[in-house]
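The values are calculated or read from the model by the stated rules, or taken from the named source; none is laboratory data. Keep in mind the model is a prediction, meaning the values are calculated, not measured. Note that we place each Cβ from the backbone using ideal geometry, even for glycine, and neighbour counts take in every protein chain shown. The protein model used for the area step is the full one, side chains on, heavy atoms only, and it has no ligands, DNA or RNA in it. Shrake-Rupley method; radii C 1.70, N 1.55, O 1.52, S 1.80 Å.
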Amino acid sequence: MAVLEVVTFPHPILKQKCAEVTRFDAELHQFLDDMAETMNDADGIGLAANQVGQPVRVFLMDVPTNRGSGEKDVKTTGRIEVINPKIIGKRGELKYEEGCLSFPGMSEFVTRAAEIDLAYQDRTGAEVKLTAKGLVAVCIQHELDHLDGITFIDRLSPFKRKIALREYLRQNREAIDDQALREKLKTRRAQQNVG
Ligand code: CO
């Protein structure tokens, strides 16, 4: 297993619409295990494949189910691997303060459906159906958006997005410059390798 690099905004892969998974093979299983280790390492409750550089329709989640209940021990859904997800039902509205591993330091209130029905495939390709509400439903919608190239700032009003982005860019200027430089070097190396 390996901890993968989590890309941060404005990395272009975060805007990419991800491709359906067609092969449920050892390579996919290895990738899922690496994603799990990465999510653990980053202390995330959800992680989409394009956040670790693979534009495929896969996300992982392990969501607290008793947050705000006052209980000492955190209970979670356990790790759920979601492949080729589709939301097939939506009910109600819920406003929740979300964060994202690709936007370090940012948290914003986003309004989403309060309860959803999800159809997806597990790592063997078997079809699964799930009904989720509360934070689990929020997480699913946030991660599924990632697979469509949509990040949570796209769910804010233009005014709030502008304010949030200005603050994010101010706080993360150095990291963004580093990432941009690494991408540039990677592209240059790739070009040199051609032929
Ligand atoms: Co995110």
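Note on region 1-45 and region 97-153: Cα centroid distance 15 Å, given to the nearest whole angstrom.
For region 90-143, report the accessible area per residue in Å² (1.4 Å probe, heavy atoms, rounded to an integer).
On the way: 2600 Å² over 54 residues.
With all protein chains present, region 90-143 gives 48 Å² per residue.
Each Lys or Arg adds one and each Asp or Glu subtracts one; over the other residues with Cβ under 12 Å from the Cβ of Phe103, this totals -3.
Treating the beta-carbon of each Lys and Arg as +1 and of each Asp and Glu as -1, no other charges, what is the dipole magnitude of region 150-195 about its Cα centre, to the nearest 20 debye? Walk me through the numbers on the way to the answer.
Working: 12 positive and 6 negative charges, 23 e Å.
Magnitude of the dipole: close to 100 debye.
Which of rounded, prolate or oblate describes region 92-132 when judged by the alpha-carbon gyration tensor and an a/c cut-off of 1.5? It would help to have the intermediate numbers written out before the result.
On the way: a/c = 5.91, a/b = 1.58, b/c = 3.74.
Verdict is oblate for region 92-132.
If R0 is taken as 45 Å, the Cβ-Cβ distance between Asp73 and Asp154 corresponds to a FRET efficiency of 0.80. If you take all other residues with their beta carbon under 12 Å from the beta carbon of Gln54, and give Lys and Arg +1 and Asp and Glu -1, the sum is -2. Using only side-chain charges placed at the Cβ, +1 for Lys and Arg and -1 for Asp and Glu, the dipole size of the chain relative to its Cα centre rounds to 780 debye. Shape of the chain from the C-alpha gyration tensor: oblate (a/c of 1.5 or more and a/b not above b/c, with a ≥ b ≥ c the square roots of its eigenvalues). In the complete set of protein chains, residue-level accessible area for Phe109 is approximately 110 Å², probe 1.4 angstrom.
Secondary structure note: in the chain, about 95% of the DSSP beta bridges are antiparallel.
Grab the other residues whose beta carbon is less than 14 angstrom from that of Asp34, score K and R as +1, D and E as -1, and report the net.
Values: positive: Arg79, Arg123; negative: Glu5, Glu27, Asp33, Glu37, Asp41, Glu81.
Every neighbour counted, the sum reads -4.
Length gained on full extension, Ala126 to Glu97: 7.2 nm, using 0.36 nm per residue less the C-alpha separation. Taking every alpha-carbon pair under 8 Å whose residues sit at least 6 apart, the chain reaches a relative contact order of 22 percent. Take each peptide in 115-127, 50-62, count the other Cβ atoms within 10 Å of every residue, and average; sorted highest first, the result is 50-62, 115-127.
Ignoring any ligand, DNA or RNA, what whole percent of the accessible area of the chain comes from carbon and sulfur when the probe is 1.4 angstrom? Can you show the working numbers first?
Working: 5590 of 11130 Å².
Roughly 50 percent of what the probe reaches on the chain is carbon or sulfur.
With the charge dipole of the chain set up from +1 on Lys and Arg Cβ and -1 on Asp and Glu Cβ about the Cα centre, the Cα lying farthest toward the positive end among the listed residues Ile153, Gly70, Val82 is that of Ile153. Between Asn66 and Ala36, the simple label model (points 7 Å from Cα in the Cβ direction) yields a spacing of 2.3 nm.
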